[in-house]
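The structure appears below as structure tokens.
Read the figures in this text as sums done on the coordinates, not as results from a lab. Just so we're clear, the structure is a prediction, and the values are computed from it rather than from any experiment. Cβ: placed from backbone, ideal geometry, glycine included. Neighbour counts: every protein chain shown.
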Amino acid sequence: LIEKPMGILSILEEESMFPKATDKTFEEKLMNNHLGKSPNFQKPKPPKPGQQAAHFAIGHYAGTVSYNITGWLEKNKDPLNDTVVDQFKKGSNKLLVEIFADHPGQSGGGDAGGKGGRGKKGGGFATVSSSYKEQLNSLMTTLRSTQPHFVRCI
């Protein structure tokens, strides 16, 4: 659901590039690509009184979670404020400094498009989902390069 050529994040990324895309077209693409094709992708249960209706559900290891996609396309286009990035880079929290070390921000470190932090390979803009996918891939690379050790306490 996440890494397939047309995974949820890939569909969100694709829909974010189309000016006429709507939450409804995003939902339709999700249903066409995943409903009935993945056992973890499901239609949501009807909402309880007072609850907002969900658009799809995913069976996670700890249970099924329902998702409402209202506003996802708009939120996906939100840029990460360069001033905030620069503050994280200059901060005393080593974890934040490391996380944002490769993010361009205002102070330089140009990107593939040479647009001061807003660009993305291919000339588009960096979306929330593309940043998330890059961070997830980086995490998975780190996890794959490590050797787990298990400690059993008695």
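Pairs of Cα atoms under 8 Å, at least six residues apart: use those to get the relative contact order of segment 8-75, whole percent. Relative contact order comes out at 28 percent.
Over 26 Å apart at the Cα level, from the set 48/77; 90/133; 43/75, are 48/77.
For segment 4-94, trypsin sites (Lys or Arg not before Pro) are listed when DSSP marks them as loop and at most 12 other Cβ atoms sit within 10 Å of their Cβ; the list is 20, 37. In order along segment 133-141, the Karplus-derived 3J(HN,Hα) couplings, from 6.51 cos²θ - 1.76 cosθ + 1.60 at θ = phi - 60°, round to 4, 4, 5, 5, 4, 5, 4, 5, 4 Hz, and Gly and Pro are given as x.
Annotation: amide H of residue 68 within the under-5 Å range of 55, sequence separation 5 or more or interchain, hydrogens built in the peptide plane. Label residue 22 and residue 62 with points 7 Å out from Cα along Cα→Cβ: what is the distance between them in nm? With each label placed 7 Å out from Cα toward Cβ, I get 3.5 nm. Note on segment 58-106 and segment 12-31: Cα centroid distance 21 Å, given to the nearest whole angstrom.
Residue 101 sits among other residues whose Cβ lies under 11 Å from its own Cβ, and their net charge, with Lys and Arg +1 and Asp and Glu -1, is 0. Computed from Cα atoms alone, the Kirkwood hydrodynamic radius reported for segment 8-75 is 12.7 Å.
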